[in-house]
Amino acid sequence: MGMHRKGKSSKVGGRRVRRFWLGVFIGVIVVLVGATVWVGFQSLMAKSELEQAVPLASVVQQAMVVGDIAAAQEAATELAENARAAAGHASDPVWRAFEFVPYLGPNLTAVRQLTQVVDDISEHAVMPLVSLAGSIDLASFSPANGAVDLAPLVQAQPIMIGVDVALTQATVDIAAIDTSNTLAQVRSAAQELSAVVDTTTTSVGGVNRAVQLLPAMLGAKGHRSYLLLFQNNAEVRATGGLPGAFAEISTEDGQIQITRQASAAGIVFDEPVLDLPLETRGIYTDRVSTFMGDVTLTPQFATTGALTREMWKRTYGTEVDGVISLDPVALSYLLRATGPITLATGEVLTSDNAVQLLLSDVYANYDDPADQDRLFASAAAAVFLALSGGQADPAALISALAQAGDERRILIWSAHEKDQELLAGTTLTGDLPVSDASAERIGVYFNDATGAKMNTFLDTRIDLGEVTCRNDGRPYYAVDVTLTNTAPLDANVSLPGSVTGPGTFGVVRGNIKTIILVYGPPDSQNLGVTRGGETVPYHPASDSGYPVSQLAVELAPGETSTTRFYFIGADAQHGELEVVHTPVLNLIESQRVEVACDEVER
């Protein structure tokens, strides 16, 4: 009997143990299901908050552009709430634990990191930027009575540095997020955020540079002087055009005034004013360093700036702190902000007629080059006085400056190393093109060889193409430069001599002769030049590590010519082909061209 009772007890105990483990198992399942449901719920909430937050960044930006600070602040506050909520949903302990689950984990990790980036941007970039905009009236940056109040700019400097640092860090953080094993939706969200942050970082970086640079340039820490160089695109040069007029300006504690105006005429030296590299002299000859009218032959504006400063010093005894260049197209943009201006000569200068008046009508209305120079000087001084007198609409002025800068129609060189460092990496420096992971950049520049003002009749188109034929994957690049002389067929008699030129350089009146210079990317190799499929002679060279192809094209009225330049790239891995070029007057939209292996490997 005792043995029977013992066996019965064992069965009962076994059932109890099984029930215990069954209960534990069920409990674990319940916890896991509950945790999974919780994480799923948090994921949906985080997704919802992010989807609301990201578009708000564009709302903030657009509101600030149009000056609606109240709307920007409202959107920024809402963005901050969404960003904070999204980060909170994606950072609790249960979520972090599920990041170790195969397949699911990488998605959760990426989402958590994305929400954290958005939260950081909101706290350290968007809110400070909107707060700054709310405390500073845009009109305060507009000159009044010839002076700019520098206090708001100085006050904004530390805030803009912080915003710039935050956005730069955000680009690094987004790039570090691993989305290789995530769902397509997560990858798409990361790509969308990356694009928005990259664009914003670029814009804010430009504003930050301006805020850091302008007070010093405007004499916040003592007197500064700058030379304004006006490039005449009717006679093209690598960075724009022939220097048609100069104005020396003085700045101190925000006060701005013109102290001298002059033209390039007569500023000629027997010997180079600066010792330039042999390769630069080989391409551009000593004219670039002996004649003020040719300082813009080189596409490197830092060289132009240094040469101009030295020539001005030797001529007038003033050693300026920098050189600022702009052309009539840039002036036309600025006139959108100032409105029409009446010149001393009686002409009314507007945004619509500035290019026509300064680059064409001036030669029809004034035969004497000295009178032409005076009109240039009058236009430059009038626009300057309108700007310094506070006549310009601030928002329109910022837009005009941005467009001119993007098109390389405004260039700046400073003799102060710190200023130059702030300008580095912008289109304002007029540097040779720099390639990166996103783009392989090729430079195409033009110098007039007609000795005339015929480039208002020159249409320009630059087309790019590439093909990979080699086993090592290095690509072949083709650059097609198409030029058309649109002058009337009887240009030699119907156009003024000041436009066609007297044929000083052996060019028939009415013809346009242009020197084309194509700079391949550093470490690429020059493969020659063709026209109509036939090889043509050219001048191969190098400049600062860039291979250069140079030749001249002369066109009669109505004539068109396409010249193809070949290079072989340095590496199989490269970004999209892009071109950096002289800011010409009549640029026709480019297109991609087909390149065949047999044409480059023959």
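Being assigned to a strand (DSSP E or B), in contact (Cβ under 8 Å) with a residue 60 or more places away in the chain and more than 25 Å from the chain's Cα centre (by Cα) is the requirement here; does residue 572 meet it? Answer is no for this residue. Being under 23 Å from residue 462 (Cα atoms), of a type in the set (Gly, Ala, Ser) and surrounded by 21 or more Cβ atoms within 10 Å (Cβ to Cβ): is that true of residue 430 here? It is true that residue 430 is under 23 Å from residue 462 (Cα atoms), of a type in the set (Gly, Ala, Ser) and surrounded by 21 or more Cβ atoms within 10 Å (Cβ to Cβ). In region 434-448 there is no residue that is within 30 Å of residue 255 (Cα to Cα), of a type in the set (A, V, I, L, M, F, W, C) and either free of Cβ contacts under 8 Å to residues at least 24 places away in the same chain or in the same structural domain as residue 331 (by TED's automatic domain parsing) (or both). Residues that are touching a helix residue (DSSP H, G or I) at 6+ places or on another chain (Cβ under 6 Å), part of a helix (DSSP H, G or I) and modelled with pLDDT of 80 or more were ranked within region 171-190; the one that is farthest from residue 159 (Cα to Cα) is 174. Scanning region 380-400 for residues that are at pLDDT 85 or above and touching a Phe, Trp or Tyr at 6+ places or on another chain (Cβ under 8 Å) gives a single hit, 400.
Return the total of residues in region 435-480 being under 20 Å from residue 529 (Cβ atoms) and of a type outside the set (D, E, K, R). Step through it out loud before you land on a result.
Applying the first criterion (under 20 Å from residue 529 (Cβ atoms)) to region 435-480 yields 440-449, 458, 460-467, 469, 474-480.
Narrowing further to those that are of a type outside the set (D, E, K, R): 442-447, 449, 458, 460, 462, 464-465, 467, 469, 475-479.
Final tally of qualifying residues: 19.
Let's see how each residue does on (1) in contact with an Asp or Glu (Cβ under 9 Å, 6 or more places away or on another chain); (2) at pLDDT 95 or above:
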position: 423; (1), (2): no, no
position: 429; (1), (2): no, no
position: 438; (1), (2): yes, no
position: 451; (1), (2): yes, no
position: 454; (1), (2): yes, yes
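Kindly list, by first and then second residue, each pair from a residue in region 532-561 that is touching a residue at least 12 places away in the same chain (Cβ under 8 Å) and surrounded by 14 or more Cβ atoms within 10 Å (Cβ to Cβ) to a residue that is assigned to a loop (DSSP other than H, G, I, E, B) and hydroxyl-bearing (Ser, Thr, Tyr), limited to pairs with Cβ atoms under 7 Å and residues at least 6 apart or on different chains. Taking only residues 6 or more apart or on different chains, the pairs are 547/524; 549/538; 550/538; 551/538. Of the residues making up region 269-283, those that are surrounded by 14 or more Cβ atoms within 10 Å (Cβ to Cβ) and free of Cβ contacts under 8 Å to residues at least 40 places away in the same chain are 272, 276, 281. Residue count for region 336-370, restricted to those that are surrounded by 15 or more Cβ atoms within 10 Å (Cβ to Cβ), in a helix (DSSP H, G or I) and more than 22 Å from the chain's Cα centre (by Cα): 9.
Scanning region 575-592 for residues that are more than 20 Å from the chain's Cα centre (by Cα) and under 19 Å from residue 470 (Cα atoms) yields nothing.
Can we say residue 321 is modelled with pLDDT under 90, among the charged types (D, E, K, R), out of contact with any Gly (no Cβ under 9 Å at 6 or more places or on another chain) and not assigned by TED's automatic domain parsing to the domain that holds residue 547?
Details: modelled with pLDDT under 90: no; among the charged types (D, E, K, R): yes; out of contact with any Gly (no Cβ under 9 Å at 6 or more places or on another chain): yes; not assigned by TED's automatic domain parsing to the domain that holds residue 547: yes.
No.
Filter region 410-427 down to residues that are on the phi < 0 side of the Ramachandran plot and of a type in the set (Gly, Ala, Ser) and give me whichever is surrounded by the fewest Cβ atoms within 10 Å (Cβ to Cβ).
424
If we keep just the residues of region 410-455 that are assigned to a helix (DSSP H, G or I) and of a type in the set (Val, Ile, Thr), which is nearest to residue 332 (Cα to Cα)? If you could, list the steps in order and put the result at the bottom.
So the first thing to find is which residues in region 410-455 are assigned to a helix (DSSP H, G or I), and the list is 417-423, 427-429, 455.
Right, trim to of a type in the set (Val, Ile, Thr) and you get 427, 429.
Numbers: 427: 19, 429: 21 Å.
Going through the qualifying residues, I end up with 427.
Going by what's in this entry, would residue 260 be described as basic (Lys, Arg), touching a Leu at 6+ places or on another chain (Cβ under 8 Å) and either at positive phi or surrounded by fewer than 18 Cβ atoms within 10 Å (Cβ to Cβ) (or both)? When the stated conditions are applied, residue 260 does not pass them. Restricting attention to region 507-529, the residues being in a strand (DSSP E or B) and either crowded, with 21+ Cβ neighbours inside 10 Å or in contact (Cβ under 8 Å) with a residue 40 or more places away in the chain (or both) number 12. Only one entry in 167, 193, 153 is surrounded by 14 or more Cβ atoms within 10 Å (Cβ to Cβ), without any contact (Cβ under 8 Å) to a residue 60 or more places away in the chain and in a helix (DSSP H, G or I), namely 167.
So for region 398-409 (the condition being polar (S, T, N, Q), outside the structural domain of residue 594 (by TED's automatic domain parsing) and either surrounded by 20 or more Cβ atoms within 10 Å (Cβ to Cβ) or part of a helix (DSSP H, G or I) (or both)), does at least one residue qualify? Looking through region 398-409, at least one residue is polar (S, T, N, Q), outside the structural domain of residue 594 (by TED's automatic domain parsing) and either surrounded by 20 or more Cβ atoms within 10 Å (Cβ to Cβ) or part of a helix (DSSP H, G or I) (or both). Scanning region 587-602 for residues that are among the acidic types (Asp, Glu), assigned to a loop (DSSP other than H, G, I, E, B) and surrounded by 10 or more Cβ atoms within 10 Å (Cβ to Cβ) gives a single hit, 601.
The values are calculated or read from the model by the stated rules, or taken from the named source; none is laboratory data. What you see is a predicted model; the values in this text were computed from it and never measured. When we count neighbours, we look across all protein chains shown, and the Cβ atoms used for this are built from the backbone with ideal geometry, even at glycine.
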